[in-house]
Every structure is written in C-alpha cells, then in structure tokens.
Amino acid sequence: MAIKYRQTHVQSVNNYGAWLLYFYSLPYLLSIISKLLKGEIINLVIVSAVFVGTILAALWMSIGLKNKGLYSSRKFVQNPPFPMMFLGSLLLGITSFVSAWLLNGYSLFAAIGFGLAATIGCWLWYGMDPVKSKNISFSDINDSEKALEILQDSESLVINIENSSKNINNAQMSSKLNSIAAKAREVLNVLFENPKKIKKARRFLNTYLTGAESVVERYVETHEKSENKELEENFKEVLDNIEEVFSKQHEKLISSDVFDLDVDIEVLNTLLKKQGIK
C-alpha cells in the first residue's frame with residue numbers, strides 16, 4: 001500500500017519548534033515552585049496540570065509545524081498529515097481556560113474568553129494544518145499504489161539531497177547537488193505524467209539518488225578530518241556523472257524513449273567503487 005503521509009528517512013534542516021509556547025509555560029513553572037513552598041497542595045496540582053498541558057501543547061504544535069513543512073515540500077504525498085497543530089492550539093486554549101478560572105479567579109465566561117483567545121491566537125500566529133488532499137492516483141496502470149510509493153521514496157531522497165547541500169560549505173559542491181536535485185525533480189515530474197514508466201525507473205532512481213547521498217556523506221566525512229583536493233575532484237567527477245545522466249534520461253523520457261538503465265547504473269557503480277564511496 002502506498003504511504004499516505006511519509007516523513008520517514010527525510011532529513012530536515014529547518015527548526016519547527018513552537019518556542020513561543022514553551023516561553024508561555026515558564027510562568028506556570030515559577031508558580032509551581034511558589035505553590036510548593038507555600039504548601040498549597042490543591043493549587044499545586046492544578047498549576048502542575050496546566051504546566052504539563054502547556055508543554056504538551058507546545059510539543060504537539062512543533063510536530064504539527066514540522067509535518068506541515070514536510071507536506072508543503074512534497075508533490076507526491078497523498079493525504080494531509082494528522083492535525084497536530086489544531087490539537088495543540090485546542091489544548092492551549094483548555095489550559096488557559098483552567099488557569100484563568102481556577103488559578104486566577106476569573107468568572108466562568110471570562111475564563112472561556114481567555115481560552116478562546118489563546119486558541120485563536122495560536123491559529124493566527126502559527127497558522128492551521130493543511131487540510132486539502134492532493135488526490136494523486138493513476139487510473140491507467142496496475143498497482144497504482146506501488147507506483148505512487150516509488151515516487152514518494154524518490155522524492156524523499158531528493159529532499160535529503162537538497163537539505164544536505166545547505167550543510168556543505170563548498171559553493172561548487174552545493175550548487176552541483178542543487179542542480180542534481182532539480183534535474184531529478186524534472187524526471188519525477190515526467191514520470192508522474194507518464195506513470196507506466198515509473199516501475200521501470202525505480203532501480204535507476206534509487207541507484208542514482210542514493211549515489212548522490214553517498215557522495216555527500218563521504219565528502220562531509222573526509223573534510224572533517226582533512227581537506228583532500230584529489231578526493232574533492234573524485235566527488236565532483238561522480239556528481240558530474242549523476243547530473244549528466246539525469247539530464248540524458250530526462251530528455252529520453254520526454255521523447256518517449258526507454259531508459260538506458262543497465263549501462264548507466266553500471267557506470268555509476270563503477271565510479272562509486274573507484275572513488276571508494278561504495
């Protein structure tokens with residue numbers, strides 16, 4: 001079955017933490033200490049519950065923000081993620097209501113107002129969960145779910161390459177990786193429009209995209225120890241090959257030709273072994 005929402009194995013360089021909500025919880029932490037010192041057991045239990053609820057709301061909001069970012073960066077994801085942002089904002093509203101009513105002595109209606117304000121404030125500040133499904137389906141091929149899963153897996157590898165390029169200080173290498181990712185996306189877009197070719201392309205996509213990932217990993221590993229110009233040229237040679245092959249296969253796809261899979265894959269595997277990357 002094709003995965004409806006896949007984020008496994010995808011690297012992320014963005015910070016999706018709902019830090020404002022964590023700061024919002026700090027007064028409750030101070031209040032816990034105060035209630036403990038004063039021996040106010042009932043209020044201590046209430047403020048502790050409010051503090052835990054606020055922390056949980058911040059955690060859910062952070063997860064929701066991350067899911068939202070991953071969803072928006074993907075073209076081939078099927079359904080929107082679980083609405084963690086909505087749950088986080090709702091929980092914050094509940095904790096704010098309890099705090100205003102039971103801890104600060106506001107009337108019931110005023111406390112409800114505080115709760116609503118907290119929830120609506122979250123929506124205005126962080127936004128809402130994506131709710132629209134992309135409704136991707138291939139009606140003209142057998143096992144369409146498997147075809148969609150291949151696109152999803154390949155897109156995950158492309159996203160990893162894009163994120164990895166941001167962590168590389170070498171501008172030439174970073175530019176080369178971005179170019180490979182762009183060409184890979186072009187290939188995926190053509191496959192999306194021609195789903196009958198997707199299954200045949202799976203081995204090619206996996207080999208070349210994984211190869212690009214391997215180059216990045218070895219490049220970072222070797223440069224942490226020492227800068228080696230010869231190794232850098234070797235990595236560049238492999239990336240040049242990957243970029244060239246993606247361009248060639250993209251042109252073949254557009255012209256309705258078949259992939260030259262076996263030849264290209266063998267060339268890349270030979271290069272990877274030669275450079276000690278595989």
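Please work out how much length the chain gains when fully extended from residue 146 to residue 128, using 0.36 nm per residue of separation minus the C-alpha to C-alpha distance, in nm with one decimal.
Using 0.36 nm per residue and subtracting the Cα-Cα distance, I get 3.4 nm.
Using a ≥ b ≥ c from the Cα gyration tensor of region 19-126 (square roots of the eigenvalues), is it rounded, prolate or oblate, where a/c under 1.5 gives rounded and otherwise the larger of a/b and b/c decides, a/b for prolate? Note, shape of region 19-126 comes out prolate.
Within region 129-227, the trypsin sites (Lys or Arg not before Pro) that combine a DSSP coil assignment with at most 12 other C-beta atoms in a 10 angstrom radius are 132, 166. For the pair region 54-115 / region 170-227, the C-alpha centres are spaced 37 Å from each other.
Using R0 = 41 Å, the C-beta based FRET efficiency linking residue 229 and residue 193 works out to 0.45.
Residue separation of residue 174 and residue 72 scaled by 0.36 nm, minus their Cα-Cα distance, works out to 34.5 nm of gained length. Counting beta carbons within 10 Å around each of 98, 238 and listing the fewest first gives the order 98, 238.
Among the listed pairs 75/197; 75/183; 132/252; 66/134, those with a Cα-Cα distance over 23 Å are 132/252. Using the Cβ-Cβ distance between residue 244 and residue 106 with R0 = 45 Å, the FRET efficiency computed as 1/(1 + (r/R0)^6) comes to roughly 0.10. Fewest neighbouring Cβ atoms within 10 Å first, the residues 222, 119 line up as 222, 119.
None of the figures in this text is laboratory data; all of them are computed from the coordinates on show. If you're wondering where the values come from, they're calculated on a predicted model, not measured in any experiment. FYI the Cβ positions are ideal-geometry reconstructions off the backbone, even for glycines, and counts take in every protein chain you see.
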